[in-house]
1. What single numbered condition from (1) exposed (fewer than 14 other Cβ atoms within 10 Å of the Cβ); (2) small (Gly, Ala, Ser); (3) under 15 Å from the mean Cα position of the chain (by Cα) fails to hold for Ser117?
2. Just for helices (runs of 4 or more DSSP H) wholly inside segment 99-202: which have at least 2 residues that are aromatic (Phe, Trp, Tyr)?
3. What pairs come up if the first residue lies in segment 72-94 and is at pLDDT 85 or above, the second is buried (at least 16 other Cβ atoms within 10 Å of the Cβ) and assigned to a loop (DSSP other than H, G, I, E, B), and their beta carbons are under 7 Å apart, counting only those six or more places apart or on different chains?
4. If you go through segment 169-202, how many residues are free of Cβ contacts under 8 Å to residues at least 24 places away in the same chain and either surrounded by fewer than 17 Cβ atoms within 10 Å (Cβ to Cβ) or farther than 24 Å from Leu114 by Cα (or both)?
5. Take the residues in segment 143-166 that are surrounded by fewer than 24 Cβ atoms within 10 Å (Cβ to Cβ) and among the hydroxyl-bearing types (Ser, Thr, Tyr), then tell me which one is farthest from Leu245 (Cα to Cα).
6. Glu225 is checked against (1) at pLDDT below 85; (2) in a helix (DSSP H, G or I) and fails just one. What number does that condition carry?
Amino acid sequence: MKNILLDISRSYRADLLKFKNSKVLFIALGAPLFLVALFFTILLFKANQIIGDADNGWIVMLNQLTKTGLALFFPLFIVLITSLISRIEYDANAWKQIYTLPLHRGAIYLSKVLMTSSIVLLSLISFGIFYYLFASILTFIYPEMFIYKPEVLSTLINVLLMSGITSIAWVGIQFWASYRWKNMVLPLALGIVGFVAGAILFRWEHATYVPFTHLLFASKALQTETFTLMNKVSYLSVAYGSLFLLIGYLELTFKKRFS
């Protein structure tokens, strides 16, 4: 067990060096910056029309970001990031070299999972930081509409936690697909089809069992006062994500997929 953990650590550190100057990191930071900056620009010029007399600009901005960012941009971001991470290895034809290293194959696989999860986590944290930064600027411009209250932080934490948990299904499926198929088009196509299918099936009575709808349900739940972090969708997302990551590990263990 100790040796496997050591192998995971070594492989993860190697991946950090590999990705720190890649476009993956640029997208992980640039995507949330673009999204928050876009809504900042809209509120900068349209705050009086968007924010009502009884509304708090901090919460209005976060709710709008949640509806659009969590439901629309975040799934596509995961699809793109997982595809790019695996693409780096395929483009360098590095899989043969990786699996000749004196490291446990399972450790290498888990380090890739951790790297993908770290990129997603980095993007979520960046989203929170950029939101605070731009909302603070709007507070100076519109002090009567943007009034910071303690519940803003708790709401933001709920958004980030819910986003992370309900994205596990997306991450698991897309991670499996991106490493399963060398052709980058296939995992991208799966992600886009899943995104469209999730939007279509969202109002179906059994839609919670469709993993591509989970971020939509999270976005909806965060708008209610009876929000709970660990609900049916959260548990299903964890289950789906774990299942597909396990499938990927079993394929790696029992099949010679990489030539």
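The values are calculated or read from the model by the stated rules, or taken from the named source; none is laboratory data. Everything numeric in this text was worked out from a predicted model, so none of it was measured. Cβ atoms come from the backbone with ideal geometry, glycine included; neighbour counts cover every protein chain shown.
1. Exception for Ser117: condition (1).
2. Helices (runs of 4 or more DSSP H) meeting the threshold: 105-141, 168-180.
3. Listed pairs, sorted by first residue: Phe74/Ser167; Ile78/Ser167.
4. Of the residues in that region, 11 qualify.
5. Tyr148
6. Result: Glu225 fails condition (2) only.
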